[in-house]
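To keep things clear, I will list the structure first and then write my remarks on it.
The values are calculated or read from the model by the stated rules, or taken from the named source; none is laboratory data. Remember, it's a predicted structure, so these values are computed and weren't measured experimentally. A quick note on method: Cβ atoms are made from the backbone with ideal geometry, for glycine too, and the neighbour counts reach across all protein chains shown. Surface areas here come from the heavy atoms of the whole protein model, side chains and all, with no ligands, DNA or RNA. Shrake-Rupley method; radii C 1.70, N 1.55, O 1.52, S 1.80 Å.
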Amino acid sequence: MTAVLRSAVGRDWTVRAGDLDWSCWTTAAHIAHDLVAYAGQVAGRPDDRYLPFDLRVRADAPPAEVLTVAAAAAGMLAATVDAAEPGDRAWHWGPCDPGGFAAMGVAEILLHTHDLTRGLDLDWSPPAGLCAGVVRRLFPDAPGGDPAPVLLWLTGRAPLGERPRRTAWTWQAARP
């Protein structure tokens, strides 16, 4: 994410991030928020709710700093997942294991980097290997095919062959 987006920190981040209603700046801050929230869930292990906290990125933070916050949040999630036991569970619409939180974090980064690069007019596609892992873990009923286009279709970002673009979707991170 940071490797592709750092080249665009001088561009206008008030533009929409792809087809989202959010600006590029807001989308980058959202990534950081979700990664910190996932880390908090894994660390706190609540079994019936989300922990009542939010990350707030200062409104005057330039895009380069927002990317640094997102990278820090990714590090926090990675460290928290690495420290967790495989049998640990925390709430995400049901009991979710550390691997599920890791997959959701990777999905947030891949999908919103896609949105950001579209808004900032950068040529980038999500890496197939990372997409394959996300699809395998979060979308058990996914169709076969090239993992990046499949992930984009599963999350309503693009059509897939003859399949029209989805208007609703959800991933399945919970595991008993």
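Full extension from Thr170 to Ala61: what is 0.36 nm times the residue separation minus their Cα-Cα distance, to one decimal in nm?
Contour length minus Cα-Cα distance gives 36.1 nm.
Taking the Cα centre of the chain as the origin, how large is its charge dipole in debye, to the nearest 20, when only Lys and Arg (+1) and Asp and Glu (-1) carry charge on their Cβ atoms?
160
Positive end of the dipole of the range 1-110, charges at C-beta (+1 Lys, Arg; -1 Asp, Glu), about the Cα centre: which of Val4, Gly87, Val106 has its Cα farthest in that direction?
The listed residue farthest towards the positive side: Val4.
With every protein chain left in place and a probe of 1.4 Å, what is the accessible surface of Asp47, to the nearest 10 Å²?
Accessible area, nearest 10 Å²: 120 Å².
At 7 Å along Cα-to-Cβ for each site, give me the label-to-label distance between Trp93 and Asp54 in nm.
2.0
Return one whole number: the accessible area per residue of the chain in Å², for a 1.4 Å probe. If you can, show how the numbers build up before the last one.
Working: 8910 Å² over 176 residues.
For the chain, the per-residue accessible area is 51 Å².
Using only the alpha carbons, work out the radius of gyration and Dmax of the chain in angstrom.
Spelled out, the Cα radius of gyration and Dmax of the chain are 16.0, 45 Å.
Can you put Ser23, Ser7 in order of accessible area, largest first, using a 1.4 Å probe?
Of Ser23, Ser7, the descending order of accessible area is Ser7, Ser23.
Between the range 127-146 and the range 8-28, what's the alpha-carbon centroid distance in Å?
26
Set Lys and Arg Cβ to +1 and Asp and Glu Cβ to -1, take the dipole of the range 1-76 about its Cα centre, and tell me which of Pro62, Tyr50, Ser23 lies farthest positive.
Result: Pro62, furthest along the dipole toward the positive end.
Tally up the carbon and sulfur contribution to the accessible surface of the range 97-137 as a whole percent, 1.4 Å probe, everything protein left in place.
54
At 1.4 Å probe size, put Ile31, Ile109 in order of accessible surface, largest to smallest.
Ile109, Ile31
How high is the FRET efficiency from Asp19 to Ala83, r the C-beta distance, R0 35 Å, rounded to 0.05?
Here the calculated transfer efficiency is 0.45.
So how do Glu162, Glu108, Glu85, Glu65 rank on accessible area, 1.4 Å probe, biggest first, that is with the largest at the start?
From most accessible down to least: Glu162, Glu85, Glu65, Glu108.
Take the alpha carbon atoms of the range 18-94, find their radius of gyration, then divide it by 2.2 N^0.38 Å using N residues; give the quotient. If you can, show how the numbers build up before the last one.
Working: Rg = 13.7 Å, N = 77, 2.2 N^0.38 = 11.5 Å.
Taking the Cα Rg and dividing by 2.2 N^0.38 Å, one obtains 1.20.
Between Ala71 and Val9, take the C-beta separation as r, use R0 = 22 Å, and let me know the FRET efficiency to the nearest 0.05.
Details: r = 13 Å, r/R0 = 0.59.
In this case the efficiency is close to 0.95.
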